[in-house]
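A.B. asks: My questions will all concern the structure given below.
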Amino acid sequence: MSDAGYTATKIDDLPQIWDGFAKLVREGCGITAFGAQIMDLPPDYATKSHDEGESGQEELYVALRGAGAVVIDDSGERLTLDAEHLVRVGPGVSRTLTSAAEGLRALCVGGVPGKPYEPPEWTTGGD
């Protein structure tokens, strides 16, 4: 991290957790205003369903490589996630991130509207 007001790094040089499944962008770049992680999903994979009702955080998902979908659990709606599509999900909406046959590298950005960012404990440290 640079004291000059900017940071540049290779994605694979970021701190990692869960055997490299998640890259800790926020921690690795010294970001304090919002959460940002990169998730590397293997082919035909689905994450554990979750919502951010407790934290109040909304999330933005952007595909960096590959393709997949964000599945809205209550309705079963599949929201395409690829180079041409991004998805925002509100805090109380349960969602599952899935990958297609080629896998998916997704940037996940989050924050609580109108509040200072407080990073969850799991987003610090890395392997």
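The values are calculated or read from the model by the stated rules, or taken from the named source; none is laboratory data. Just so you know, these numbers come straight off a predicted model, no measurement behind them. Here Cβ is always computed from backbone atoms with ideal geometry, including for glycine, and neighbour counts include all displayed protein chains.
A.B. asks: Right, ARG88: more than 23 Å from TRP18 (Cα to Cα), basic (Lys, Arg) and assigned to a strand (DSSP E or B) or not?
C.D. replies: Here the answer is yes, as ARG88 does meet what is asked.
A.B. asks: Shifting gears a bit: Taking the stretch 29-46 only, how many residues are within 14 Å of the chain's Cα centre (by Cα), modelled with pLDDT of 95 or more and not hydrophobic (A, V, I, L, M, F, W, C)?
C.D. replies: Adding up the residues that qualify gives 2.
A.B. asks: Counting just the residues of the stretch 9-24 that are over 14 Å from ARG65 (Cβ atoms), of a type outside the set (Gly, Ala, Ser) and in contact with a strand residue (DSSP E or B) (Cβ under 7 Å, 6 or more places away or on another chain), which one comes out surrounded by the most Cβ atoms within 10 Å (Cβ to Cβ)?
C.D. replies: Only one residue fits best here, namely LEU24.
A.B. asks: For the stretch 12-26, give me each residue that is touching a residue at least 60 places away in the same chain (Cβ under 8 Å), out of contact with any Gly (no Cβ under 7 Å at 6 or more places or on another chain) and on the phi < 0 side of the Ramachandran plot.
C.D. replies: VAL25
A.B. asks: Pairs please, first residue from the stretch 36-56 and more than 21 Å from ILE11 (Cα to Cα) and of a type in the set (A, V, I, L, M), second anywhere and in a strand (DSSP E or B) and modelled with pLDDT of 95 or more, Cβ atoms under 8 Å, 6+ apart in sequence or on different chains.
C.D. replies: ALA46/VAL71; ALA46/THR96; ALA46/LEU97; ALA46/THR98; ALA46/SER99
A.B. asks: I need the full set of residues from the stretch 92-123 which are more than 14 Å from the chain's Cα centre (by Cα) and under 20 Å from ARG26 (Cα atoms), in order please.
C.D. replies: Scanning the stretch 92-123 gives VAL112, PRO113, GLY114, LYS115, PRO116, TYR117, GLU118, GLU121.
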